[in-house]
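Report on the structure given below.
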Amino acid sequence: MIALIDYDAGNTRSVEKALNFLGEESLLTRDREALLRADKVILPGVGNFGEAMENLNRYGLISVIHEIVEKKTPFLGICLGLQLLFEESQEAPGIPGLGILKGKILKIPAGEGLKIPHMGWNSLELKNQGRLFAGIPEGAYVYFVHSYYLRAQEREIVKASARYGVEIDASVEKDNVFACQFHPEKSSGIGLAILKNFVDLGKGE
């Protein structure tokens, strides 16, 4: 069972549909015991960093997320879910993130010909042999929707980057924690292959 954390963020339905397409049973929940029992956990979402942290706190989910990570359950953050894993964001100054990974979320700088938010397909530069990208070709295109981007402190955890005026840390991986700034569930066959790599973690070992 794959649990999706329910904290009133958008975009959960498309993740559920993608998992269903892959033949995986999923549960959208904020129940502590259900989340701790899950084989894998996904923190999806689009929205505001500050409001999201407020919701996670209100529903008592911050400590649960730390427990899930500490017990080595495979954990995937998507879009806002990636940003929340880090320490802070320029979108919500003074509001700490989950701090599971080290780094900051910065606003994409305005530039000639660049629309903010960044919405659309961008190619990935793969690096550091990420497990989510097994079998994924260099330069594969995935779908982004965001106005803020990650700059990870530990450069070795960055497994894919993209360029939109600045270099964006598009995916990270550290131990059992994985995260994508892009939306694999909206990235066609490539995205489904990335999700399947997450789903298959630990199977057959």
*On the given criteria, is Ala9 in a helix (DSSP H, G or I) and within 23 Å of Gly191 (Cα to Cα)?*
no
*Return yes or no: is Leu80 open to solvent by less than 50 Å² (accessible area, probe 1.4 Å), among the aliphatic types (A, V, I, L, M), within 23 Å of Ser14 (Cβ to Cβ) and under 15 Å from the mean Cα position of the chain (by Cα)?*
yes
*Just give me the residues in segment 165-180 being touching a residue at least 12 places away in the same chain (Cβ under 8 Å) and out of contact with any Gly (no Cβ under 9 Å at 6 or more places or on another chain), in sequence order.*
Ile168, Ala170, Lys174, Asp175, Asn176
_Test result for Phe182, surrounded by 15 or more Cβ atoms within 10 Å (Cβ to Cβ) and in a loop (DSSP other than H, G, I, E, B)_ = yes
*Which is within 17 Å of the chain's Cα centre (by Cα) and on the phi < 0 side of the Ramachandran plot, of Ala110, Ala140, Ala152?*
Ala152
*Is it the case that segment 106-121 has a residue that's open to solvent by less than 50 Å² (accessible area, probe 1.4 Å) and in contact with a helix residue (DSSP H, G or I) (Cβ under 9 Å, 6 or more places away or on another chain)?*
no
*So, of the residues in segment 123-157 that are in contact (Cβ under 8 Å) with a residue 40 or more places away in the chain and part of a helix (DSSP H, G or I), which turns out to be most open to solvent (accessible area, probe 1.4 Å)?*
Arg131
*asked:* For segment 90-98, check the following and say yes or no: at least one residue is out of contact with any helix residue (DSSP H, G or I) (no Cβ under 6 Å at 6 or more places or on another chain) and either within 22 Å of Asn197 (Cα to Cα) or open to solvent by less than 70 Å² (accessible area, probe 1.4 Å) (or both).
replied: no
*Is there any pair with a first residue in segment 14-26 that is of a type in the set (Asp, Glu) and surrounded by 12 or more Cβ atoms within 10 Å (Cβ to Cβ) and a second that is assigned to a helix (DSSP H, G or I) and modelled with pLDDT of 95 or more whose Cβ atoms are under 8 Å apart and which are 6 or more apart or on different chains, and what are they?*
Glu24/Val199
_Total residues in segment 84-106, condition farther than 13 Å from Gln153 by Cα and out of contact with any Asp or Glu (no Cβ under 7 Å at 6 or more places or on another chain)_ = 9
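The values are calculated or read from the model by the stated rules, or taken from the named source; none is laboratory data. As the structure is a computational prediction, the values presented were derived from the model and not from experiment. Reconstructed Cβ throughout: ideal geometry from the backbone, glycine too, with neighbour counts over all protein chains shown. Each accessible area value is taken on the protein alone, full model and side chains, heavy atoms only, with ligands, DNA and RNA left out. Shrake-Rupley method; radii C 1.70, N 1.55, O 1.52, S 1.80 Å.
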